[in-house]
Amino acid sequence: MRQPKLIDYTLLIVLALIWASAFFNIKIATESFGPITIAFLRVFFGSIPVLLLCFYKKIKIEAFSKDWYWFAIIGFINLVAPFFLIAYGVKSVQSNLAAILMSTTPLSSTILGHFFTKNEKFNFIKTFGILIGFSGIIYLFSDNFLINDNNFVSALLILLGSTCYVVGGVLTLKISKKKNENVTGSILIWAVIILIPLASIIEKPWNTIPSVASSISVIYLGLVSTGLAWLLRFRILKNNGLIFQSQVSYLIPIFGIILSYIFLDELITDKVLVSLIAVLVGLYFVKKAK
């Protein structure tokens, strides 16, 4: 991998901003759409730039090949489930809390990596980082002003959504020899296939008269926070590798808190800041151990 240049750091910051902006846009989208419909529209619009890229680069999409079941399973676990859980949870909690809760993904992946991979075992520094990071999340749950009996389950569902991303990432190792664009395009196709009947039967979105703000938010979530973000991720991974790209984990919760304050005027308590610092410190030690 070449040494990162200014453009690489710029793209990393842009990627973090795009992913962080997803949280307050999900909050806006929940004002008009149900969580299944949000998940469907997100994968539908998100598939457009990815599939166009595959068409342009003449990359074969193998969604219906002999490995179709892997694409379907990963599509459900890596897209359908987390997109639904996050949208359902954000309806009842502040979007800045969701940004912090979702930033635990690298910590969860480290735990699963210890049990399901051969070269990602625990050591003292990793264990210390995991304990620090999750202690910040536990402390965040003690903020009774923001997390209470009414939305406690919603916050847990967002954490479960972040874990789905990790499990989906582990399963992707089963088809790791395939091109990233092919895998992403294929799992997006299967996510659309899975969500069409669910949204149609359960939520009947055609009966909804959405606000302009909610409509713009779901389109943004699909085209930008899903489709464009994946394309940026491909470029960063190809030019700079996974370790460089993983630094986006530090920026997402910071930008998420800032953006939610700017656009939604969401409250930032002392416990939110302490939890954020603990998670970032935990991430630092886990990355340092690698």
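The values are calculated or read from the model by the stated rules, or taken from the named source; none is laboratory data. Everything numeric in this text was worked out from a predicted model, so none of it was measured. FYI the Cβ positions are ideal-geometry reconstructions off the backbone, even for glycines, and counts take in every protein chain you see.
Given (1) surrounded by fewer than 17 Cβ atoms within 10 Å (Cβ to Cβ); (2) at pLDDT 95 or above, where does residue 89 come up short, assuming only one miss?
Condition (1) is where residue 89 drops out.
Determine which single condition residue 31 fails, assuming it passes every other condition in (1) surrounded by 19 or more Cβ atoms within 10 Å (Cβ to Cβ); (2) under 28 Å from residue 266 (Cβ atoms).
Only one criterion in (1) surrounded by 19 or more Cβ atoms within 10 Å (Cβ to Cβ); (2) under 28 Å from residue 266 (Cβ atoms) is unmet by residue 31, namely (1).
Residues that are modelled with pLDDT under 90 and more than 26 Å from residue 192 (Cβ to Cβ): list the helices (runs of 4 or more DSSP H) wholly contained in the stretch 218-290 that include at least 2 such residues. Working first, answer last.
Working: elements: 229-245, 248-264, 270-289.
Here the list reads 229-245, 270-289.
Please count how many residues of the stretch 247-268 are surrounded by fewer than 19 Cβ atoms within 10 Å (Cβ to Cβ) and under 14 Å from residue 19 (Cβ atoms). Reasoning before the result, please.
Taking the stretch 247-268 first, the residues surrounded by fewer than 19 Cβ atoms within 10 Å (Cβ to Cβ) are 247, 250-251, 254, 258, 261-265, 267-268.
Pick out the ones that are also under 14 Å from residue 19 (Cβ atoms) and you get 247, 250-251, 254, 258.
Looking only at that region, the number is 5.
Quick check on the stretch 33-43. Is at least one of its residues at negative phi, modelled with pLDDT of 95 or more, outside any helix (DSSP H, G or I) and touching a helix residue (DSSP H, G or I) at 6+ places or on another chain (Cβ under 8 Å)? Please lay out each step first, then the result.
Here is the first cut: in the stretch 33-43, the residues at negative phi are 33-43.
Subset that is modelled with pLDDT of 95 or more: 33-43.
Keeping just the survivors that are outside any helix (DSSP H, G or I) gives 33-34.
Filter again for touching a helix residue (DSSP H, G or I) at 6+ places or on another chain (Cβ under 8 Å), leaving 33-34.
Scanning the stretch 33-43 turns up at least one residue that is at negative phi, modelled with pLDDT of 95 or more, outside any helix (DSSP H, G or I) and touching a helix residue (DSSP H, G or I) at 6+ places or on another chain (Cβ under 8 Å).
With respect to the numbered conditions (1) over 18 Å from residue 196 (Cβ atoms); (2) not in a helix (DSSP H, G or I); (3) not hydroxyl-bearing (Ser, Thr, Tyr), which one is the sole condition not fulfilled by residue 86?
All conditions are met except number (2).
Assuming residue 141 fulfils every condition listed in (1) over 20 Å from residue 161 (Cβ atoms); (2) free of Cβ contacts under 8 Å to residues at least 24 places away in the same chain apart from one, which condition is it?
(1)
With respect to the numbered conditions (1) over 28 Å from residue 7 (Cα atoms); (2) in contact (Cβ under 8 Å) with a residue 40 or more places away in the chain, which one is the sole condition not fulfilled by residue 183?
(1)
Can you pull out every residue in the stretch 218-246 that is surrounded by fewer than 19 Cβ atoms within 10 Å (Cβ to Cβ) and either touching a Gly at 6+ places or on another chain (Cβ under 8 Å) or aromatic (Phe, Trp, Tyr) (or both)?
223, 234, 244
Quick one: is residue 186 under 21 Å from residue 54 (Cβ atoms), more than 15 Å from the chain's Cα centre (by Cα) and hydroxyl-bearing (Ser, Thr, Tyr)?
Details: under 21 Å from residue 54 (Cβ atoms): yes; more than 15 Å from the chain's Cα centre (by Cα): yes; hydroxyl-bearing (Ser, Thr, Tyr): yes.
Criteria met by residue 186.
Against the condition part of a loop (DSSP other than H, G, I, E, B), among the hydroxyl-bearing types (Ser, Thr, Tyr) and modelled with pLDDT of 95 or more, how does residue 21 come out, does it pass? Walk me through it before giving the result.
Working: part of a loop (DSSP other than H, G, I, E, B): no; among the hydroxyl-bearing types (Ser, Thr, Tyr): yes; modelled with pLDDT of 95 or more: yes.
The answer is no for residue 21.
How many of the residues making up the stretch 48-82 are hydroxyl-bearing (Ser, Thr, Tyr), farther than 13 Å from residue 194 by Cβ and part of a helix (DSSP H, G or I)? Walk me through how you get there before you give the answer.
Kept after step one, since they are hydroxyl-bearing (Ser, Thr, Tyr), are these residues of the stretch 48-82: 56, 65, 69.
Next, only the ones that are farther than 13 Å from residue 194 by Cβ stay: 56, 65.
Now restrict to residues that are part of a helix (DSSP H, G or I): 56.
Final tally of qualifying residues: 1.
Check off (1) surrounded by 15 or more Cβ atoms within 10 Å (Cβ to Cβ); (2) modelled with pLDDT under 90; (3) outside any helix (DSSP H, G or I) for residue 108 and give me the number that stays unchecked.
All conditions are met except number (3).
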